[in-house]
């Protein structure tokens, strides 16, 4: 039997300091593709009848881990620096952009806290509804970052095109 997701998510959704990685566009896009694939699979799985609880719990844990790992670096380094740059240059909508991302972060953390293994099993239909609400927002954020933020990060020297290690 799988461990409760709550224990697997200890420390998630914090803005704490993690390991520092040199990031590059190639890796960031690869991680976004992985997040998008996991999100699409979880969305499909969450509507399945009969429910496959074990697969859903496992996939949710994988998605949570992938998002957390990705955000460790991105939010601290790429995202925060770009938002400040946008604000200094009076980029129209920078504050709203930041608020939307923070709102998604909060909602994502609440979603992860709500959907323990026990709750997924007990409330499959509600899990499907909640999943259908949060994952399109997560996927939209991924697309926005890929299409808008990363080109700015690259042009401002915050990331490299490829691994230079």
task = Please note which helices (runs of 4 or more DSSP H) are completely contained in segment 105-160 and include at least 3 residues that are under 18 Å from the mean Cα position of the chain (by Cα) and farther than 22 Å from residue 79 by Cα.
result = 124-144
message = Between 61, 39, 130, 56, which is within 23 Å of residue 25 (Cβ to Cβ), at pLDDT 95 or above, surrounded by 17 or more Cβ atoms within 10 Å (Cβ to Cβ) and out of contact with any strand residue (DSSP E or B) (no Cβ under 6 Å at 6 or more places or on another chain)?
response = 39
ask   = For segment 69-96, what are the residues that are closer than 17 Å to residue 140 by Cα and either surrounded by 18 or more Cβ atoms within 10 Å (Cβ to Cβ) or at pLDDT 85 or above (or both)?
value = 70, 71, 74, 79
Residue, farthest from residue 141 (Cα to Cα), within segment 23-62, restricted to residues that are over 16 Å from the mean Cα position of the chain (by Cα) and free of Cβ contacts under 8 Å to residues at least 24 places away in the same chain = 50
task = Mind listing whichever residues of segment 133-155 are loosely packed, with under 13 Cβ neighbours inside 10 Å and more than 14 Å from residue 110 (Cα to Cα)?
result = 136, 140, 143, 147, 148, 151, 155
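Would you check if there is a residue in segment 56-66 being farther than 16 Å from residue 45 by Cβ and in contact with a helix residue (DSSP H, G or I) (Cβ under 9 Å, 6 or more places away or on another chain)?
Filtering segment 56-66 down to residues farther than 16 Å from residue 45 by Cβ leaves 65.
Filter again for in contact with a helix residue (DSSP H, G or I) (Cβ under 9 Å, 6 or more places away or on another chain), leaving 65.
Among the residues of segment 56-66, at least one is farther than 16 Å from residue 45 by Cβ and in contact with a helix residue (DSSP H, G or I) (Cβ under 9 Å, 6 or more places away or on another chain), which makes the answer yes.
The values are calculated or read from the model by the stated rules, or taken from the named source; none is laboratory data. No experiment lies behind these values; they were computed from the predicted model shown. No Cβ is skipped: glycine too gets one built from the backbone with ideal geometry, and neighbour counts run over all protein chains shown.
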